Amino acid sequence: MVNVNFYETVNDPLFKFAVIIAKTGGKWVLCKHRARTTYEFPGGHREPGERILDTAKRELYEETGATDFEITPVCAYSVTDGDPLNAREIFGMLYYADIKTFEAELHSEIESILITEHLADHWTYPLIQPELLAEAKRRGYL
């Protein structure tokens with residue numbers, strides 16, 4: 001079982017991930033990892049000593065090639081998985097980005113990006129990504 005919760009703030013050292021809901025020219029920007037057949041929002045793990053905003057900027061660049069963008073924090077979130085006795089709560093920060101320009105070539109584990117008017121039918125994390133999207137909409141970012 002997966003449970004997604006949202007917070008206004010979280011103690012900064014708890015953040016492990018940054019996820020970025022990104023658009024360009026009014027279209028969604030989604031990533032396809034080389035090892036998967038599904039799509040996901042750009043994002044990834046925080047490096048030791050890295051500010052969570054810097055994680056978001058780095059991951060957005062690495063996974064989409066975005067070089068000029070505006071990025072805005074949406075909210076903190078957590079994902080709790082596993083059975084109730086052994087559940088772990090992992091924290092991340094959700095961002096929204098409007099991408100202006102991209103590099104021509106990707107330099108990461110991402111095989112390709114999809115720029116589309118419609119969201120993907122097959123999410124990499126189908127119990128998490130739609131929840132993040134709904135929260136960003138609820139907060140007026142989309």
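Structure notes:
- Restricting His33, His122, His107, His118 to residues that are of a type outside the set (Gly, Ala, Ser) and surrounded by 14 or more Cβ atoms within 10 Å (Cβ to Cβ) narrows the list to His33.
- Qualifying position, being assigned to a loop (DSSP other than H, G, I, E, B), at pLDDT 90 or above and not charged (D, E, K, R), among Tyr77, Tyr95, Tyr125: Tyr125
- Of residues in the range 83-102 being in contact with a strand residue (DSSP E or B) (Cβ under 6 Å, 6 or more places away or on another chain) and more than 19 Å from Gly44 (Cα to Cα), the one surrounded by the fewest Cβ atoms within 10 Å (Cβ to Cβ): Thr101
- Filter result for Leu60 (surrounded by 15 or more Cβ atoms within 10 Å (Cβ to Cβ) and assigned to a strand (DSSP E or B)): no
Here is a yes/no grid of residues against (1) crowded, with 19+ Cβ neighbours inside 10 Å; (2) closer than 19 Å to Leu133 by Cα; (3) among the hydroxyl-bearing types (Ser, Thr, Tyr); (4) in contact (Cβ under 8 Å) with a residue 12 or more places away in the chain:
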position: Ile20; (1), (2), (3), (4): yes, yes, no, yes
position: Tyr39; (1), (2), (3), (4): yes, yes, yes, yes
position: Thr64; (1), (2), (3), (4): yes, yes, yes, yes
position: Ile71; (1), (2), (3), (4): no, yes, no, yes
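- Unmet criterion (only one of (1) touching a residue at least 60 places away in the same chain (Cβ under 8 Å); (2) among the aliphatic types (A, V, I, L, M); (3) within 17 Å of Met93 (Cα to Cα); (4) not in a strand (DSSP E or B)) for Leu53: (1)
- Once the range 1-18 is narrowed to residues that are part of a loop (DSSP other than H, G, I, E, B) and either of a type in the set (Lys, Arg) or in contact (Cβ under 8 Å) with a residue 24 or more places away in the chain (or both), the residue that is nearest to Tyr125 (Cα to Cα) is Met1.
The values are calculated or read from the model by the stated rules, or taken from the named source; none is laboratory data. Bear in mind the structure is a predicted one, so any value in this text is a computation, not a measurement. Reconstructed Cβ throughout: ideal geometry from the backbone, glycine too, with neighbour counts over all protein chains shown.
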